[in-house]
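J.: For reference, the structure I am asking about is given below.
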Ligand SMILES: Cc1ncc(C[n+]2csc(CCOP(=O)(O)OP(=O)(O)O)c2C)c(N)n1
Ligand code: SF4
C-alpha cells in the first residue's frame, strides 16, 4: 500500500482505514456526528449501506463477521441503545471476521437528546473499547481494532466524540501493514454462534477470559502513550480530552489511554505513583476515575459540574485549579428554526391552532416545539411518539385523550415506528388514536440520507420502497389518508378534526418533499426514470 498524507476529519479517517483494511461491508444508521463515516466509505469505493436502524445494522455486521469477512458498523451514541440487544450477546459469541462498532458520543449535546457515555457499554457488555484523540489515531486505531477483533475473535467498540469526528488533522496512511482480509466462507460452529443457555454459559466464561488476556495485552502493547513531564502533576486522559489537557497543562506528565476498556490498571498505577498529584481528565462520565479507584489507585477526578457539557481548554484549566465557581454562560446563539418553506410548518400550524396534545419524535420536526408553534408535548427517543401517545390515550380523561396525536418523521417511522403502529392496531385505546407520518422523502435532520421509505440506497440508486399507506392498510387499519398539508391546509385541518372525533385509529401521511432536498431528489428520480411523488 502506498504511503499518503492528507487532511482528514476523524470520520473520514475511519472510512479510509476501513477501506485500507479491506472491510467488506459498512452498515449503520445516520446520526450526528457519525454519519459521514459511511458516506465517505462509499465515496472512496467501499460497500456501504444504511440499515433501517442500528439494531439491524449491527445484526447485518454480525452476519458479515460470522461469514469470515470484515465489517464496520456505525452509529451515534444513542444508536448503541437500540443495538444493545445484539451487542450484549455477540460479546459472548464473538466475531470471526473483524467486527468494529463505532459509537459517536456527543458530550454537550450539540445534536442529541442526551449525553450518555458509550464507555459504560464496553464495561457492561464486556467488549474492548478504543478511543482515538485525533484523525491519525482514528485511522491507526481502526486498524488496531480490526487486528484486536480478529486476534481475540471479539467485537470491538470504537468511541469517537463530536470534535474527533469533525475536526481535521493530518493523516498518514499506509505506514502500518494490514493483514489482508480472509475470503468469506461459511464454516459451521454451532456452540460459538447459537447462544442457547447450554452454549452461552461457557461462552460467557470464555468472554471474561479473553477480556483478562486483552487487559494484559493492553498493559504491554496497548495503544497507550506516556508523555514525560513534570513529576508534580500527572494527567490520565483519553480521546479528545487529551488535546485539551496538553494545551491546558503543557508541563504535566500525561498518560494517554487509547484502549480504555479493559483499562491498563497496572500502567495507571505506576503512572500515578510516579507523580505527586494524579488527576483524570475525561469528558462524559467519571469512567476512568472509577476504574482507577476500583483498583485502589489514588487519583483525583473532575468536580461533578464538569460532567455536564463538553470539556475545552478553559474548563480543563479550571478542573486542574479545583475551580468550582459558576462558569460564564455561553452567549446564546440564534435559536434553530424550521426552514422557510419547510413542509412541517403547515402541520405544526394546524396542531397549534387545534391546541392538540402532541406526542412528538426526533427529526427536523422536533423544532415544532419552538415558537411560533410550541406544538410538541413530549420527545423521548426515536419512535417513542407512538407508544407515548398511546399511553396518554389509555389513561387521560376522555376529553383530553381525544386531543392526543402522535407525530413522527418518515425515517424515524421506519427506524422504530413500525412496531409502535402494530401496538396501536393491537392495543387500540377506547378513544382510538391518530398518527401523523411526516413524509418529507428524506432523513433531513442528519443531512438528507436515504432510508427504506425513499426507495433509494445509500448511493441513491433505485431499490425496493416501503410504502407507508400500504403498510398501514396491511395492518388492517381502515382510516389511512395521504395529504399535502402545505398545498391543502384546510383539507388537512378538516381531516385531522374528523379523525380525532372517531373512536378508531387513523394514519395520516402528510407527504411533501423537504424543500432543501427536493431538487436533488428530482435529479435522482430523473436518473431512475421514476415519477416524483
Ligand atoms: C437511536 C438514534 N439514532 C439516530 C439518531 C439521529 N437522528 C435523529 S432524528 C433522525 C431521523 C430524522 O429523519 P426523519 O424522521 O425523516 O425526520 P426529518 O429530519 O426528515 O424531518 C436521526 C437519524 C437518534 N437521535 N437516535
Ligand atoms: S431541512 Fe427540510 S425538513 Fe428540515 S427544516 Fe429544512 S425544509 Fe424542513
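J.: For region 321-452, report the convex hull volume of the alpha-carbon atoms normalised per residue, in Å³, without decimals. List each step's numbers first, then the result.
T.: On the way: hull volume 22.6 nm³, N = 132.
Expressed per residue, the convex hull around the Cα atoms of region 321-452 is 171 Å³.
J.: For region 84-157 and region 22-43, compute the distance between their C-alpha centroids and round to whole Å.
T.: Their Cα centres are 15 Å away from one another.
J.: If r is the Cβ-Cβ distance from residue 331 to residue 110 and R0 is 25 Å, what FRET efficiency results, to the nearest 0.05? Walk me through the intermediate numbers first.
T.: Working: r = 16 Å, r/R0 = 0.62.
E between residue 331 and residue 110, to the nearest 0.05, is 0.95.
J.: Cut-off is 10 Å between beta-carbons; in what order do 477, 196 appear when sorted fewest neighbours first? Please report the intermediate quantities before stating the final value.
T.: Details: 477 19, 196 9.
Taking fewest neighbouring Cβ atoms as first place, the list is 196, 477.
J.: Please give the length that would be gained between residue 479 and residue 212 if that part of the chain were fully extended, namely 0.36 nm times their separation in residues minus their C-alpha to C-alpha distance (nm, one decimal).
T.: On the way: separation 267, 0.36 × 267 = 96.12 nm, distance 5.74 nm.
Additional length available on full extension: 90.4 nm.
J.: Send over the semi-axes of region 225-321's equivalent ellipsoid, whole angstrom and largest first, taken as the square roots of 5 times the C-alpha gyration tensor eigenvalues. If you can, show how the numbers build up before the last one.
T.: Details: eigenvalues 63, 48, 28 Å².
Value: 18, 16, 12 Å, ordered largest first.
J.: Using alpha-carbon positions, what is the distance between the centroids of region 343-413 and region 220-296, in Å?
T.: 45 Å
J.: Moving on. Need one number: nm distance between label points at residue 528 and residue 465, each 7 Å from Cα along Cα→Cβ, rounded to one decimal.
T.: 0.5 nm
J.: Label-point separation (nm) for residue 427 and residue 88, each offset 7 Å from Cα along Cα-to-Cβ?
T.: Using points 7 Å along Cα→Cβ, the separation is 2.0 nm.
J.: A further question follows. Starting from one equal scatterer on each C-alpha and no solvent at all, send me the Debye-based log10 I(q)/I(0) for region 4-221 at q = 0.12 Å⁻¹, two decimals.
T.: Log10 I(q)/I(0), no solvent term: -0.56.
J.: Now for a separate question. With the crude spin-label approximation of a point 7 Å out along Cα→Cβ, what separation in nm comes out for residue 488 versus residue 295?
T.: 6.6 nm
J.: Next question. Report the rotationally averaged projected area of region 56-165 based on its alpha-carbon convex hull, in square nanometres.
T.: Numbers: hull surface 24.2 nm².
Average of the hull's projected areas for region 56-165 equals 6.0 nm².
J.: Then there's this: Convex hull over the Cα atoms of the chain, averaged projected area in nm²? Mind showing how you got there, number by number?
T.: On the way: hull surface 108.3 nm².
Its Cα hull, projected and averaged over all orientations, spans 27.1 nm².
Only the coordinates and a few stated rules stand behind these numbers; no lab work does. These figures come from a predicted structure and were not determined experimentally. Counting neighbours? That spans all protein chains shown, and the Cβs are built from the backbone with ideal geometry, glycine included.
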